[in-house]
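Data block below; observations after.
The values are calculated or read from the model by the stated rules, or taken from the named source; none is laboratory data. Quick caveat: nothing in here was measured; it's all calculated off a predicted structure. Neighbour counts are summed over all protein chains in view; Cβ atoms, including those assigned to glycine, are modelled from backbone coordinates with ideal geometry.
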């Protein structure tokens, strides 16, 4: 999912977190683009230093022993954990930040190749939907030991306690929170309308170009595409079962786990895209929708969130507030 080129905007992209960062600034002043990029890099560096589980020197990983008994943490880490716990509570635990150890046991780490996306031709695909999840057939439930482990994480102001054996993985919310914060910071620094995309987690701040921000919604090249208009200050995010893939014992895996069973969620949806006033809200509910499967359409309809689902046969299903205007 990317911003579409438009007149009277400047754009820049770079590699970030095994994906791509993009910043778009309204106007034609290259100094504003430089300032916006600097703010996006500053915010993303701060988020990575606070909570990346892929960096042993991040605050979250470096202080793991201290966190078992509880300790004061930085405002940055406390804020990111608070966002993750709020997402878990809002989704009844479907977006669970306490699945890091399960992610590691399944092989989602930097020690093995993680594919940006899974090709649709010439390569093995996911197992049939009817065979997922393993937990539905009674497998792996005890091994996963998840369900509501996030409730054991206690945050009181800046004092954080994480039970022994629990590894936080804030991926479902931290990237979106970074997009929200980076867009706001870039707008403050430039005074211009700004769009920030971090691997397809898109946030905007300030007044956009005439006609609104144009965003191409398409997860992978084989999927149906649609260009939508994103209003000033709104955000949009996509969660996918076709990206961030790896194999474990010859079985294809993806990175969105069903917390009830501790295995990748059944790929009912190839992707789910949601628009909301913040990127955190959009990403929280797009992730929950992948976990919930078919019932997610009714759930998001009830929440009045604009949502676009692409199913296993590439059929598009939307809630009534979609398309975005």
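Pairs only if they're at least six apart or on different chains, beta carbon under 9 angstrom, first in the stretch 65-77 and free of Cβ contacts under 8 Å to residues at least 60 places away in the same chain, second part of a helix (DSSP H, G or I); list them, first residue then second.
Correct list of pairs: 76/46; 76/47; 76/49; 76/50; 76/51; 76/59.
Strands (runs of 3 or more DSSP E) wholly in the stretch 265-325 with at least 2 residues that are in contact with a strand residue (DSSP E or B) (Cβ under 9 Å, 6 or more places away or on another chain) and closer than 20 Å to residue 173 by Cα - which ones?
Strands (runs of 3 or more DSSP E) meeting the threshold: 269-276, 307-311.
For residue 204, only one of the following conditions fails: (1) free of Cβ contacts under 8 Å to residues at least 24 places away in the same chain; (2) farther than 21 Å from residue 77 by Cβ. What is its number?
(1)
In the stretch 43-63, how many residues are surrounded by fewer than 15 Cβ atoms within 10 Å (Cβ to Cβ) and assigned to a helix (DSSP H, G or I)?
2
If you take the residues in the stretch 287-321 that are touching a residue at least 40 places away in the same chain (Cβ under 8 Å) and closer than 14 Å to residue 225 by Cα, which one is surrounded by the fewest Cβ atoms within 10 Å (Cβ to Cβ)?
Taking the candidates together, the pick is 314.
Can you find a residue in the stretch 219-237 that is under 12 Å from the mean Cα position of the chain (by Cα), touching a residue at least 60 places away in the same chain (Cβ under 8 Å) and buried (at least 23 other Cβ atoms within 10 Å of the Cβ)?
Yes, the conditions are met somewhere in the stretch 219-237.
So that you can scan it fast, the table gives a plain yes or no per residue for (1) at pLDDT below 95; (2) buried (at least 23 other Cβ atoms within 10 Å of the Cβ); (3) within 30 Å of residue 69 (Cα to Cα):
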| position | (1), (2), (3) |
| --- | --- |
| 164 | yes, no, yes |
| 172 | yes, yes, yes |
| 176 | no, yes, yes |
| 184 | no, no, no |
| 188 | no, no, no |
| 202 | no, yes, no |
| 209 | yes, no, no |
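(1) surrounded by fewer than 16 Cβ atoms within 10 Å (Cβ to Cβ); (2) out of contact with any helix residue (DSSP H, G or I) (no Cβ under 7 Å at 6 or more places or on another chain); (3) closer than 18 Å to residue 203 by Cα; (4) in contact (Cβ under 8 Å) with a residue 12 or more places away in the chain: which one isn't true of residue 13, the others all being true?
Unmet condition: (4).
What number goes with the only condition from (1) assigned to a helix (DSSP H, G or I); (2) surrounded by 21 or more Cβ atoms within 10 Å (Cβ to Cβ); (3) at pLDDT below 95 that residue 104 does not pass?
Result: residue 104 fails condition (2) only.
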